[in-house]
Structures are given as C-alpha cells and as structure tokens.
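Let me begin by presenting the structure, written as structure tokens, before commenting on it.
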Amino acid sequence: MPRATRHEHKASGLRVRFYNIHLYPGEGRKGIRKVQAEDLIRKIRNRAKDGELPPILVGDFNYVKGDNEAAYRIIDNYFEV
C-alpha cells in the first residue's frame, strides 16, 4: 500500500509527508481500488501531525479524469487531482 516519506525543510522546520501509491489496474478491480482508497485516507489521517503541511499524493491511480468510480471519488474528496 502507500509508501510514505516525511521531509523537513531545514531552515523553516516545516514538514510534509509524501505518499506514492499504485492502485490495481483493470476494469474488474474497482472494488479493490475502493478498499485501497479508503485504506489510504485512513493511513494518511492517522499519520498526520500538528504543524505538518498538507500531504502530497502521487502515483499510478489508473485514473481517468471524470471517472465516477468510488475509489476516485474518495480520493477526490481529500486531494486536488
């Protein structure tokens, strides 16, 4: 599931978490991608700390803009695509 790294700007002390994810490809994997998206949001929320900048999420989402699949709606609720 998501790989995360935390980075800190040495001069300012600002911190940001960077997540890289790869959602399962294929038309028949929509249910799995929904579970992955829910798990991703839960992990990001649990790891968030006071004083951190908003997290950055990148990766292969197997995503088509405008797709109404549940996994993408979940991610769209929390991140700018």
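Annotations for the structure displayed:
- Dipole check for the chain: with +1 at the C-beta of Lys and Arg, -1 at the C-beta of Asp and Glu, and the Cα centre as origin, the magnitude is about 320 Debye.
- Here the accessible area is traced with a 1.4 Å probe on the protein chains. For the chain, carbon and sulfur cover 51 percent of it.
- Where Cα atoms sit under 23 Å apart: lysine pairs in the chain separated by 8 or more or lying on different chains: 5
- Å² per residue, accessible surface of the chain at 1.4 Å: 70 Å²
- Nearest-ten-degree value, helix 30-47 long axis tilted from longest Cα axis of the chain: 10 degrees
- Measuring r between the beta carbons of Asn77 and Glu27 and using R0 = 22 Å, the FRET efficiency lands at 0.45.
- With the Kirkwood sum run over all distinct C-alpha pairs, the chain has a hydrodynamic radius of 13.5 Å.
- Dipole-positive endmost among Leu57, Gly13, Ala37 within the chain (Cβ charges, Cα centre): Gly13
The values are calculated or read from the model by the stated rules, or taken from the named source; none is laboratory data. The shown structure was predicted, so the numbers you read here are calculated from the model rather than taken from an experiment. Methodologically, a virtual Cβ is constructed for each residue, glycine included, from the backbone with ideal geometry; neighbour enumeration extends over all protein chains shown. Please note that ligands, DNA and RNA were not included when accessible areas were found on the heavy atoms of the full protein model with its side chains. Shrake-Rupley method; radii C 1.70, N 1.55, O 1.52, S 1.80 Å.
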